[in-house]
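Colleague: Pasting a structure below so you can have a look.
The values are calculated or read from the model by the stated rules, or taken from the named source; none is laboratory data. Because the structure is a prediction, the values reported are computed rather than measured. Using ideal geometry, Cβ is built from the backbone for each residue, glycine included, and neighbour counts are taken over all protein chains shown. We work out accessible area using only protein heavy atoms, side chains counted, and drop any ligands, DNA or RNA first. Shrake-Rupley method; radii C 1.70, N 1.55, O 1.52, S 1.80 Å.
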Amino acid sequence: MKRSCSKFPLQWRMLLQVQWRTPLSAMALACSSVMYGSAQASPQENLAQQVQQLTDAMQRTQKQLDQTERQMDEMRSQLAALQQKMAAAGTAPLSSTNQPASGTQSASTDQAAEDLAAQVDSIREQQSLLKSQVATQEQTKVESESKYPVKVSGMFLFNGFVNTQGVDIASTPTLAIGGAGSTGASVRQTVLGIDARGPHLFGARSHADVRVDFDGSTSSGNSSTPAYNGNVGLLRLRTAHAALDWEHTQAFFSFDRPIISPNEPSSLTAIAIPPLAWSGNLWNWNPQLGLTHDLSISSSARLRLQAALIDVSNPPAMYTASPTTTTEINTPPTSAELSRWPGVETRFALLGAQKEDGAQLGVGGFFAPHRTSSGTNFDAWAGTLDYRQPLPARMEFSGSFYRGQALGGMGGGGYKDFGYRPDPDNPGNYYFRVFDDVGGWAQLKERYSEKLEFNGAFGIDSVPGRQLRPYAGAFTSYYQNLARNRTFTGNVIYSPSAYLLFSLEYRHLESSPVNSPTATSNIIGVGAGYKF
């Protein structure tokens with residue numbers, strides 16, 4: 001085509017260009033519509049509908065491609081006929097004065113032909129991609145009894161550790177206790193998850209998820225007591241969610257960290273127990289029932305309103321000298337459940353218009369009545385502040401702060417809510433004191449690239465020594481004498497692909513009992529994870 005197009009009259013060449021570009025535009029429109037439809041598809045759609053949409057898009061694209069090829073064949077035939085007619089009529093070559101213009105028009109026609117060929121190749125690549133996506137969807141489909149989409153995911157995690165001094169749990173330390181160090185490895189922080197999408201209800205999309213790991217029997221930090229949240233076996237429930245999502249509102253049930261403490265430091269070696277746990281991070285997973293509503297206040301900001309009921313668990317370190325001890329009940333109710341009233345949480349946050357991981361500033365409050373087995377009533381409460389601020393050079397500053405009392409069930413308070421000691425003048429009576437608590441954490445993150453990030457963080461949880469000191473020694477548990485716990489940590493996380501992660505982390509623990517010297521330990525941890 002290139003060697004003969006320049007010999008045709010200008011009118012014929014313009015007509016050919018229009019005829020060629022018309023199918024080209026149609027193909028581009030078809031291709032873009034397929035890509036746009038794929039990008040805008042709701043992740044909650046039925047898997048079978050997604051496969052059918054991809055198949056229909058492929059068929060439409062194939063039809064457009066076939067039609068374009070037929071038109072090109074017809075144009076080739078017309079060009080051949082015109083060449084024969086011009087040759088029979090003895091058409092003279094174009095004069096030299098017209099050659100520059102003809103050369104420009106010929107170059108334009110040649111460019112159009114090259115663009116058309118490139119677009120055809122692009123459509124064929126899109127076809128191959130669509131076929132691959134259909135095959136992938138068919139291969140990864142998991143059938144549930146409800147026939148709605150279910151996805152299985154998780155992360156196999158290997159972590160090795162070196163503890164220079166004694167800690168509460170060798171593989172997932174949160175507290176330094178002095179004594180000999182330890183070295184070892186574990187895969188018990190491996191996580192398995194199930195995500196499910198359900199039907200529309202009341203105009204809302206429904207979905208649920210659950211996460212488990214294999215660290216259930218070591219979560220208490222004390223081999224003589226039940227594990228945290230009553231998990232005593234190897235398999236442990238981590239988190240669970242069920243929600244109805246409207247455009248700006250969500251109604252949810254969750255077994256997760258409290259809504260007043262939404263942020264979490266980054267780590268690949270602290271998964272079973274989150275990083276900076278018991279050092280300023282209110283992380284404990286508790287059942288919650290609540291609502292979230294977003295209000296748009298400008299084109300770049302929105303206000304998030306949250307409220308929830310919460311069933312707060314007891315601290316993990318059981319009181320070994322309780323005023324009233326009952327052995328006939330294997331799993332007695334918690335002090336929050338004995339009050340017969342649920343706790344309440346509220347949070348107000350200012351966020352960016354779209355990005356969930358963008359800038360945010362939130363304030364929250366928590367209140368929960370408690371009642372001990374001996375009949376003593378007390379209240380747990382907290383005021384919180386959380387923040388996340390992106391910085392230049394791919395950096396980010398985030399953290400949280402709290403002030404309250406009886407926060408052992410939320411992951412603070414030095415593992416305890418209150419202290420007590422016998423009254424020597426009145427046998428059978430006890431002095432009782434609810435402990436105040438203050439703490440928080442801060443992290444500086446640098447995303448050096450899409451594959452590499454650096455994190456440095458510090459956290460502290462502190463119970464006033466003047467409140468704790470009169471009750472020191474009344475408990476046999478090391479946790480009950482703890483006045484302050486601090487953690488310094490830094491790590492590098494490298495992800496060469498979306499499925500592989502590697503990390504090297506350093507932690508320094510400082511744990512200060514009120515009646516003994518501060519214990520320290522340095523922890524060096526490595527982690528290697530494979531997501532699936």
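Colleague: Would you confirm, using the coordinates I've provided, whether P496 is touching a residue at least 40 places away in the same chain (Cβ under 8 Å), at negative phi and in a loop (DSSP other than H, G, I, E, B)?
Modeller: So P496 fits the description; yes.
Colleague: What tally of residues in the range 171-209 results from selecting those that are farther than 30 Å from E247 by Cα and either in a strand (DSSP E or B) or not hydrophobic (A, V, I, L, M, F, W, C) (or both)?
Modeller: The qualifying residues number 17.
Colleague: For the range 155-185, which residues satisfy the criterion of being open to solvent by less than 20 Å² (accessible area, probe 1.4 Å) and polar (S, T, N, Q)?
Modeller: N159, N163, T172, T174
Colleague: Looking at (1) of a type in the set (S, T, Y); (2) open to solvent by 50 Å² or more (accessible area, probe 1.4 Å); (3) touching a strand residue (DSSP E or B) at 6+ places or on another chain (Cβ under 9 Å); (4) modelled with pLDDT under 95, which one does Y415 not meet, given that it meets all the others?
Modeller: Of everything listed in (1) of a type in the set (S, T, Y); (2) open to solvent by 50 Å² or more (accessible area, probe 1.4 Å); (3) touching a strand residue (DSSP E or B) at 6+ places or on another chain (Cβ under 9 Å); (4) modelled with pLDDT under 95, Y415 misses just condition (2).
Residues are listed down the side, and each one gets a yes or a no for (1) at pLDDT 95 or above; (2) hydrophobic (A, V, I, L, M, F, W, C); (3) at positive phi:
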site	(1), (2), (3)
P424	no, no, no
V438	yes, yes, no
L452	yes, yes, no
F488	yes, yes, no
R507	yes, no, no
G525	yes, no, no
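Colleague: Please verify whether the range 231-243 includes one or more residues that are crowded, with 24+ Cβ neighbours inside 10 Å and on the phi < 0 side of the Ramachandran plot.
Modeller: No: the range 231-243 contains no residue that is crowded, with 24+ Cβ neighbours inside 10 Å and on the phi < 0 side of the Ramachandran plot.
Colleague: Kindly indicate the residue of the range 355-382 that is in contact (Cβ under 8 Å) with a residue 24 or more places away in the chain and among the β-branched types (V, I, T) and also surrounded by the fewest Cβ atoms within 10 Å (Cβ to Cβ) among those meeting that condition.
Modeller: Per the criteria, the residue is T376.
Colleague: Sort through L391, L351 and tell me the only one that's over 26 Å from F418 (Cβ atoms), free of Cβ contacts under 8 Å to residues at least 12 places away in the same chain, of a type outside the set (S, T, Y) and open to solvent by less than 80 Å² (accessible area, probe 1.4 Å).
Modeller: None of the other options fit; the residue is L391.
Colleague: For the range 454-466: of the residues being open to solvent by 40 Å² or more (accessible area, probe 1.4 Å) and assigned to a strand (DSSP E or B), which is farthest from F502 (Cα to Cα)?
Modeller: I460
Colleague: Write out, first by first residue and then by second, each pair whose Cβ atoms fall under 6 Å of each other, whose residues are 6+ apart or on separate chains, and whose first residue, in the range 151-167, is among the small types (G, A, S) while the second is part of a strand (DSSP E or B) and at pLDDT 95 or above.
Modeller: Pairs that qualify, where the first residue is among the small types (G, A, S) and the partner is part of a strand (DSSP E or B) and at pLDDT 95 or above, are S153/G193; G154/V191; G154/L192; G154/G193; G160/A185; G160/V526.
Colleague: Now for a different question. Right, S512: closer than 30 Å to V434 by Cα, at pLDDT 95 or above and either small (G, A, S) or in contact with a Leu (Cβ under 9 Å, 6 or more places away or on another chain) (or both) or not?
Modeller: yes
Colleague: Looking only at the range 277-293, count every residue that is part of a strand (DSSP E or B) and either modelled with pLDDT under 95 or within 30 Å of T172 (Cβ to Cβ) (or both) and tell me the total.
Modeller: Total meeting the criteria: 7.
Colleague: Based on this model, can you work out whether L385 counts as open to solvent by 40 Å² or more (accessible area, probe 1.4 Å), within 20 Å of V344 (Cβ to Cβ), part of a strand (DSSP E or B) and not basic (K, R)?
Modeller: It is true that L385 is open to solvent by 40 Å² or more (accessible area, probe 1.4 Å), within 20 Å of V344 (Cβ to Cβ), part of a strand (DSSP E or B) and not basic (K, R).
Colleague: Here's a follow-up. Looking at (1) touching a strand residue (DSSP E or B) at 6+ places or on another chain (Cβ under 9 Å); (2) farther than 15 Å from L268 by Cα, which is the only condition R466 fails?
Modeller: Failing condition for R466: (1).
Colleague: Now, a different point. Of the residues that make up the range 468-480, is at least one open to solvent by 10 Å² or more (accessible area, probe 1.4 Å), among the polar types (S, T, N, Q), under 25 Å from H370 (Cβ atoms) and in a strand (DSSP E or B)?
Modeller: So far as the range 468-480 goes, no, none of its residues is open to solvent by 10 Å² or more (accessible area, probe 1.4 Å), among the polar types (S, T, N, Q), under 25 Å from H370 (Cβ atoms) and in a strand (DSSP E or B).
Colleague: For Y506, only one of the following conditions fails: (1) farther than 21 Å from Q443 by Cβ; (2) open to solvent by 30 Å² or more (accessible area, probe 1.4 Å); (3) out of contact with any Leu (no Cβ under 9 Å at 6 or more places or on another chain). What is its number?
Modeller: So Y506 meets the others, but not (1).
Colleague: Of the numbered conditions (1) modelled with pLDDT of 70 or more; (2) open to solvent by less than 60 Å² (accessible area, probe 1.4 Å), D115 satisfies every one except a single condition; which is it?
Modeller: Result: D115 fails condition (2) only.
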